[in-house]
1. Give me the pairs: first residue in the stretch 200-223 and over 24 Å from Gly14 (Cα atoms) and within 14 Å of the ligand (Cβ to nearest atom), second residue part of a helix (DSSP H, G or I) and not charged (D, E, K, R), beta-carbon distance under 8 Å, and six or more apart or on different chains, which are they?
2. Would you pick out the residues in the stretch 225-239 that are surrounded by fewer than 20 Cβ atoms within 10 Å (Cβ to Cβ) and under 19 Å from Lys164 (Cα atoms)?
3. Under 7 Å between Cβ atoms, which residue pairs at least 6 apart in sequence (or on different chains) link something in the stretch 107-133 that is at positive phi and within 16 Å of the ligand (Cβ to nearest atom) with a partner that is among the charged types (D, E, K, R) and modelled with pLDDT of 95 or more?
Amino acid sequence: MRRKLAAGNWKMHGLRADLAELATLDNADVDVLVCLPATLIAAARDLPVSIGGQDCHSATHGAHTGDISAPMLADAGATYVLTGHSERRSDHGETDADVAAKTQAAHAAGLTAIICIGETLAIRAAGTTLDIIDGQLAASIPDSATDDNTIIAYEPVWAIGTGKVPSTDQIAEVHAHIRARLAERFADGADFGILYGGSVKAGNAAEIFAVPHVTGALVGGASLKAADFGPIVAALAAS
Ligand code: PEP
């Protein structure tokens, strides 16, 4: 079983001076990761937290202006990468097949991929959340996935950056479903990390971390400042 993971996602925020926020976040009991803009990865490589990218191309190199490959992220000092974040899926039209190809590229480069999945509010209202989750799991996770190189992040799209959070029963239902699907497909499916993401704050972290099969969090807005992210890391360590 992987160690618990508190993962931050700075999205398109941060300049080099902001890396000072990461200096005191390491914790003996849980892993702490921050997925940075690509411009900051090399500058952050010696800080006492793990560093990740926020996306990678499925190819190792080539004529893809503006893109970044998994070996480039690894070379800069990243050990993780997010794949399939909902903002990549919506802003860049990334499909489940794209996400699987990017994840496979991450594995080939020695990176741990955090594959993001989750339903929209319309899907939640239609009562088909678990069907959508099934489709995303089946098509976004490549066969190269193991508990060592892959983590799943359940992030309801309607909870990202909105301040809205599912009930703990809703989180529990989806996490148990993800765990069951992983165990059906992978010999080590019981050991994959499964994060919750979507408006995690210091004030709600402890109750989310108490939900079965939640092994950590993917945190956007509240990961930018140590004063906000530190208490979330501490809540995970205490869970
Ligand atoms: C995210 O970016 O993955 C995220 C969960 O953002 P926030 O915590 O701001 O909702």
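The values are calculated or read from the model by the stated rules, or taken from the named source; none is laboratory data. Since this is a predicted model, take the numbers as computed values, not measurements. With ideal geometry, Cβ positions are generated from the backbone for all residues, glycine too; neighbour counts draw on all protein chains shown.
1. Final answer for the pair search is Ile208/Thr168; Ile208/Ile171; Val214/Ile171; Val214/His175; Val214/Ile208.
2. Asp228, the sole residue that qualifies.
3. Within 7 Å, the pairs are Gly118/Glu155.
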